[in-house]
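Here is the structure we will look at, set down as structure tokens.
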Amino acid sequence: MNILIIGSGGREHALAWKLEQSHKVKKVIVAPGNGATGKIDPNNLEEVSDFCAKHNVDCVLIGPEEPLSNGLADYLIKTHPNLMVFGPTKDAAQLETSKSFSKQFMKEYGLPTADFVTVSIENVKSLDCVFERLPWKNSVVKADGLAAGKGVIIPKDRAEAINATKSILEGEFGNAGRTVVVEERLEGYEVSALAFVDGISYKRMPLGKDHKRLLESDMGPNTGGMGVVAPVKVPDEVDKKIDEIFEKTLRGLADRNIKYCGVLYAGIMVVKNEPYLLEFNCRFGDPETQVLVRLLQTDLYDIIYSTVHQTLSKCDVKWSTKYVCGVILAAANYPKSGDKGSPITIVTNGGRVLCVTSMAETLQEAREHANEVASGIEFNGKQFRRDIGKSLETFTPSLSYEASGVNIDEGNQFVEDIKTLVKKTLLPGANQIGGFGAVLDLKTAGFSNDSQLVVGIDGVGTKIEVATHCKNFAGIGYDVVAMCVNDVICHCAKPIAFLDYFVCGKLDRTMATEVLASISDACVEAGCSLIGGETAEMPGVYSTHQWDLAGCAIAAKESTWPMLPLSSSIEEGDVILGLPSSGLHSNGFSLARKVLTVNDVKYSDPLPWNAESTFGKDLLKGTRLYVKTVLPLLTSGLVKGCAHITGGGLTENAIRVLDGNSDVTLVIDCSKWKPHEMFNWIASAGPVETKEMIRTFNCGIGMVLIVDKSKEEEVKSKLSSSKEQFFEIGHVEKSAEKKRIRFINEDSLFHRDKYLTQRKRVKVAILISGTGTNMQKLIERSKTPDSNCEVVLVVSNKETAGGLKLAASYGIPTKVVPHTSDRVTGDKTLAKVLKSYGTQLVCLGGYMRILSPFFISQFPSRIINIHPSLLPSFKGAHALQDALDFGVKIVGCTAHFVDELVDHGDIIAQRPVMIEDGDTIETLRKKIQVQEHEMFPNAMISVAANILSE
């Protein structure tokens with residue numbers, strides 16, 4: 001077995017040394033070189049290909065990044081089908097060769113990574129503005145393309161970051177800097193996670209730690225690496241999350257139909273036990289390789305063979321449990337330039353000259369021995385770091401609370417910051433703070449000895465996502481206080497104390513103080529004391545920018561006050577009054593955010609009905625507090641029932657005043673009040689049906705009162721005198737059906753024509769011949785809120801097809817166009833039917849008929865199909881059986897465009913399915929169908945997006 005290793009650095013020579021130990025390897029050639037085999041230009045694809053043919057090369061291992069970016073692997077696979085090529089294709093190598101591509105890939109497939117923006121040469125004059133808008137303080141600046149490991153700059157401040165970005169854009173790294181990625185600088189510890197990858201599975205290597213800075217104590221400029229130690233121990237939870245990063249990456253590559261064969265290197269920053277992906281390399285790292293090959297116990301050739309042939313999962317890869325330290329000896333002016341030709345026992349070639357590695361039972365022994373050897377090597381200008389791995393000799397990421405991500409000092413200072421805010425809320429009877437709890441003296445608070453306590457607890461929900469995005473926390477405290485105190489007053493109780501629960505991944509003191517200031521103001525308005533709470537910093541449970549907020553209200557009621565609701569006394573003729581909300585309050589935000597997303601509306605966009613405000617400001621209006629205006633009515637016995645309209649909207653909350661034995665119905669007349677414009681917009685833009693609106697949102701009514709007809713005028717008078725607006729929104733009536741609530745005049749509640757947005761959708765027709773399992777998934781996907789498709793017709797060539805009835809159950813028109821003796825006649829009829837419905841895209845959902853060239857010409861590049869194999873392999877109706885007969889180890893499915901050839905056409909997406917022991921054709925068919933049901937609908941959406949963009 002002859003192996004050619006492309007590249008001539010320390011990495012490639014280390015791999016050659018390891019491969020030469022295999023009895024299966026006859027000869028290892030490291031190129032470029034000047035020996036008997038001559039010199040090769042690794043970027044000349046034809047030259048490398050010719051060399052392989054001339055020297056009977058059986059396997060090529062591609063070391064450096066530049067040949068990968070030039071498509072060397074693709075070219076060799078194409079020109080030498082039997083050659084084993086260990087190295088990713090050009091498409092796969094984009095994970096390394098383009099930082100912007102890589103970051104977008106991470107974002108798309110949910111890989112944890114730092115926030116980022118991309119900047120191009122067009123932005124060079126406005127860099128100050130670009131950096132001013134960044135939501136983070138410290139940045140890392142990266143050239144988009146390949147820069148020999150030197151294209152990453154870690155500036156000390158914003159001014160240095162701007163200068164670095166400008167320098168790169170103006171040519172410091174040539175074409176590699178045409179685009180620059182600016183990302184949030186993460187603070188933690190770095191590890192290098194490498195894995196062998198065969199496109200289906202992966203095998204991790206021991207974690208290593210690369211030392212990038214030139215000088216000791218991590219000082220000086222960034223380099224390609226001054227030394228590595230391995231293995232590095234991390235907490236189990238971190239190690240599992242690194243596994244998840246590789247798993248998601250493989251799924252993302254498969255989703256894009258990119259086959260990856262070789263080594264995938266993930267640069268990881270661990271922040272408070274959360275691993276974040278900094279970058280990918282698509283090859284062995286240098287100098288990581290020199291260290292890792294010392295630990296590898298399995299024959300490297302066996303690993304390469306199994307990786308190329310996609311049997312890596314069956315390869316038993318073993319590693320030594322010892323420690324290795326690798327120390328780089330660099331030339332005098334490295335990393336700026338390197339003195340070439342300085343004499344040692346060999347001749348230096350500038351840059352990083354040597355890597356000395358040492359293996360021992362402990363990390364300290366390995367480091368000390370490597371330094372001893374490095375000290376004995378002499379050449380002019382030699383420089384190396386003596387502290388490689390020293391910081392890890394006592395490295396335990398969770399030794400202290402702060403090391404695990406919790407800043408106790410910051411938390412203590414936060415407590416000091418908010419003491420004034422808390423003190424201003426304190427009232428007699430509830431004025432104790434700072435202890436393990438607080439004593440509520442009801443007598444001092446003005447209540448009698450036989451008074452009772454009422455407790456309510458609630459949170460803010462996903463409204464905090466809007467507040468975080470808008471960086472507006474001024475109303476969020478009103479939300480959490482109001483959600484609790486509005487609940488307890490429904491039981492005719494006076495709020496006297498409140499406690500908050502604020503939890504986050506990383507405490508932002510400024511933001512948290514703003515939230516607590518809002519809570520404090522709300523407590524003052526509600527007339528209750530903020531007696532304490534809990535501020536919890538929980539890294540590992542919450543991400544850096546994640547947080548949540550909840551609260552608990554304690555209220556007291558006199559025994560002489562009504563025990564609301566008086567359910568048994570609610571009777572026919574009682575009046576229902578509605579008090580207006582200030583907006584959405586704190587419920588229904590998941591749906592509201594979804595409506596904004598599918599309409600591509602940003603929180604900063606102006607409101608259609610008020611250009612001086614934005615969607616974000618309107619949504620963040622604080623929840624109204626009803627204590628001062630409603631509680632006096634309740635304690636005076638003027639109200640039979642009081643309902644706070646929260647989660648579940650009017651539908652679920654108003655009926656809480658009734659008990660299970662009630663024989664009355666609450667009749668709500670939707671024409672009696674006008675909801676806020678935001679509700680009109682959501683209903684129109686969703687679109688959201690009225691029934692869904694009133695069971696999700698308060699729709700403009702924040703509190704409902706049930707009042708005896710005889711006391712109606714008194715209640716209305718008191719509300720008016722307290723300047724509280726109200727609407728008479730309904731009445732109570734007898735109900736034989738025991739329907740607890742009924743809405744009338746629903747059609748008048750929202751003016752949908754005011755903000756009706758007609759999103760463009762592609763009209764889709766589905767052709768079927770059978771039960772239509774794929775058809776059902778296509779229909780369901782078309783009905784999701786973010787869909788860009790509308791299924792307008794389902795056609796079958798068989799009148800008995802079960803899918804026709806299923807399609808009709810979804811309200812979709814169906815047609816039958818039978819076979820004809822000649823394909824063209826029937827297909828002409830079929831095309832005519834589809835065009836009569838305005839069809840723009842045709843999906844074949846199990847259509848057992850070969851379409852004629854005529855029909856295909858009527859919908860060019862507009863017909864897509866799903867096929868149960870990884871095309872172009874195994875075409876036809878028996879593709880799965882043919883694959884099994886052939887003995888393949890992996891099957892799958894392909895979404896593709898339909899052309900005049902059978903199972904041909906451009907591929908849209910593919911999903912692999914592993915064949916496991918015990919699999920039968922039936923079990924595999926079920927596995928493939930699971931992948932089809934997810935991939936085919938997404939392919940429809942993807943193709944429709946392209947149609948809409950034309």
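Could you identify the single residue in Gly876, Gly826, Gly846, Gly838 that is over 23 Å from Met935 (Cα atoms) and assigned to a loop (DSSP other than H, G, I, E, B)? Talk me through it step by step, then tell me what you get.
Details: Gly876 fails: over 23 Å from Met935 (Cα atoms); Gly826 fails: assigned to a loop (DSSP other than H, G, I, E, B); Gly846 fails: over 23 Å from Met935 (Cα atoms).
Of the residues listed, the single one that is over 23 Å from Met935 (Cα atoms) and assigned to a loop (DSSP other than H, G, I, E, B) is Gly838.
Pull up the stretch 537-548, narrow it to residues that are modelled with pLDDT under 90 and assigned to a strand (DSSP E or B), then point me to the one that is surrounded by the most Cβ atoms within 10 Å (Cβ to Cβ). Checking each candidate, the answer is Glu537. Residues of the stretch 269-304 that are buried (at least 19 other Cβ atoms within 10 Å of the Cβ) and in a helix (DSSP H, G or I): Glu288, Thr289, Gln290, Val291, Leu292, Val293, Arg294, Leu295, Leu300, Tyr301, Ile303, Ile304. Please verify whether Ala831 is assigned to a helix (DSSP H, G or I) and at pLDDT below 90, treating the condition exactly as stated. In short, no.
Kindly state which strands (runs of 3 or more DSSP E) lie completely within the stretch 164-219 and contain at least 2 residues that are surrounded by 22 or more Cβ atoms within 10 Å (Cβ to Cβ) and in contact (Cβ under 8 Å) with a residue 12 or more places away in the chain. Strands (runs of 3 or more DSSP E) meeting the threshold: 179-184, 189-197. Selection of first residues in the stretch 37-59 that are at negative phi and of second residues that are basic (Lys, Arg), restricted to Cβ pairs under 7 Å at least 6 apart or on distinct chains, gives an empty result. Close contacts from the stretch 690-713, counting a first residue that is within 12 Å of Gly730 (Cα to Cα) and a second that is among the small types (Gly, Ala, Ser) and assigned to a helix (DSSP H, G or I), with Cβ to Cβ under 9 Å and a gap of 6+ residues or different chains, come to Val704/Ala654; Ile706/Ala654.
Which ones in the stretch 148-200 are among the polar types (S, T, N, Q) and under 17 Å from Pro221 (Cα atoms)?
Step one: of the stretch 148-200, the residues among the polar types (S, T, N, Q) are 163, 165, 167, 175, 179, 192.
Those that are among the polar types (S, T, N, Q) and under 17 Å from Pro221 (Cα atoms): Asn163, Thr165, Ser167.
Residues that are under 30 Å from Lys443 (Cβ atoms) and not hydrophobic (A, V, I, L, M, F, W, C) within the stretch 510-556 comprise Ser520, Asp521, Glu525, Gly527, Ser529, Gly532, Gly533, Glu534, Gly551, listed in sequence order.
If you go through the stretch 722-746 and keep only what is at pLDDT below 90 and either surrounded by fewer than 16 Cβ atoms within 10 Å (Cβ to Cβ) or in contact with a Gly (Cβ under 6 Å, 6 or more places away or on another chain) (or both), you end up with Ala736, Glu737, Lys738, Lys739.
List every residue pair whose Cβ atoms lie under 6 Å apart, where the two residues are 6 or more positions apart in sequence or sit on different chains, the first residue falls within the stretch 874-890 and is closer than 24 Å to Leu312 by Cβ, and the second residue, located anywhere, is modelled with pLDDT of 85 or more and among the acidic types (Asp, Glu). Short answer, once both residue conditions are applied: Phe874/Asp882.
Within the stretch 837-877, restricting attention to residues that are of a type in the set (Ser, Thr, Tyr) and at negative phi, which residue is surrounded by the fewest Cβ atoms within 10 Å (Cβ to Cβ)?
Within the stretch 837-877, the subset of a type in the set (Ser, Thr, Tyr) is 837, 839, 847, 852, 857, 861, 869, 873.
Okay, now just the ones that are also at negative phi, so 837, 839, 847, 852, 857, 869, 873.
Values: Tyr837: 15, Thr839: 21, Tyr847: 23, Ser852: 19, Ser857: 11, Ser869: 22, Ser873: 16.
Per the criteria, the residue is Ser857.
For beta carbons closer than 9 Å, sequence separation of 6+ or different chains, a first residue in the stretch 800-821 that is part of a strand (DSSP E or B) and a second that is at pLDDT 90 or above and surrounded by fewer than 14 Cβ atoms within 10 Å (Cβ to Cβ), the qualifying pairs are Thr814/Lys805; Thr814/Ala808; Val816/Glu799. Of the strands (runs of 3 or more DSSP E) lying entirely inside the stretch 721-782, those containing at least 2 residues that are in the same structural domain as Met935 (by TED's automatic domain parsing) and in contact with a strand residue (DSSP E or B) (Cβ under 7 Å, 6 or more places away or on another chain) are 762-768.
Within the stretch 234-244, can one find any residue that is of a type outside the set (S, T, N, Q), assigned to a strand (DSSP E or B) and either surrounded by fewer than 22 Cβ atoms within 10 Å (Cβ to Cβ) or assigned by TED's automatic domain parsing to the domain that holds Met106 (or both)?
Checked the stretch 234-244: no residue is of a type outside the set (S, T, N, Q), assigned to a strand (DSSP E or B) and either surrounded by fewer than 22 Cβ atoms within 10 Å (Cβ to Cβ) or assigned by TED's automatic domain parsing to the domain that holds Met106 (or both).
Every condition in (1) touching a Leu at 6+ places or on another chain (Cβ under 9 Å); (2) surrounded by 20 or more Cβ atoms within 10 Å (Cβ to Cβ) is met by Lys798 except one, and the failing one is (2). Among the residues of the stretch 889-933, the ones that are part of a loop (DSSP other than H, G, I, E, B) and crowded, with 22+ Cβ neighbours inside 10 Å come to 1 in all.
Does Gly341 satisfy the criteria of being modelled with pLDDT under 60 and either hydroxyl-bearing (Ser, Thr, Tyr) or touching a Gly at 6+ places or on another chain (Cβ under 6 Å) (or both)? Against the criterion (modelled with pLDDT under 60 and either hydroxyl-bearing (Ser, Thr, Tyr) or touching a Gly at 6+ places or on another chain (Cβ under 6 Å) (or both)), Gly341 does not qualify. Can you find, within the stretch 751-793, the residue that is surrounded by the most Cβ atoms within 10 Å (Cβ to Cβ) among those that are without any contact (Cβ under 8 Å) to a residue 40 or more places away in the chain and in contact with a Phe, Trp or Tyr (Cβ under 9 Å, 6 or more places away or on another chain)? It comes out as Val791. Candidates in the stretch 480-509 are the residues that are charged (D, E, K, R) and touching a residue at least 60 places away in the same chain (Cβ under 8 Å); of these, the one that is surrounded by the most Cβ atoms within 10 Å (Cβ to Cβ) is Lys494.
Look at (1) within 30 Å of Asp41 (Cα to Cα); (2) under 25 Å from the mean Cα position of the chain (by Cα); (3) surrounded by fewer than 17 Cβ atoms within 10 Å (Cβ to Cβ) and you find that Asn82 fails only one, number (2).
Taking the stretch 148-163, which residues are in contact with a helix residue (DSSP H, G or I) (Cβ under 8 Å, 6 or more places away or on another chain) and outside any strand (DSSP E or B)? Give the derivation first.
Looking only at the stretch 148-163, we keep the residues that are in contact with a helix residue (DSSP H, G or I) (Cβ under 8 Å, 6 or more places away or on another chain), and these are 151, 153, 155, 158, 161-162.
Scanning the stretch 148-163 gives Gly151, Pro155, Arg158, Ala161, Ile162.
For Val688, the conditions (1) modelled with pLDDT under 90; (2) in contact with a Leu (Cβ under 9 Å, 6 or more places away or on another chain); (3) more than 30 Å from Gly616 (Cβ to Cβ) are fulfilled apart from (3). Within the stretch 695-716, being farther than 20 Å from Leu596 by Cβ, touching a strand residue (DSSP E or B) at 6+ places or on another chain (Cβ under 7 Å) and crowded, with 18+ Cβ neighbours inside 10 Å holds for Ile701, Gly702, Met703, Val704, Leu705, Ile706, Val707, Val715. The set of residues in the stretch 606-620 that are at pLDDT below 95 and part of a loop (DSSP other than H, G, I, E, B) comprises Pro608, Trp609.
The values are calculated or read from the model by the stated rules, or taken from the named source; none is laboratory data. Just so it is clear, the model here is predicted, and its values are computed rather than measured. Methodologically, a virtual Cβ is constructed for each residue, glycine included, from the backbone with ideal geometry; neighbour enumeration extends over all protein chains shown.
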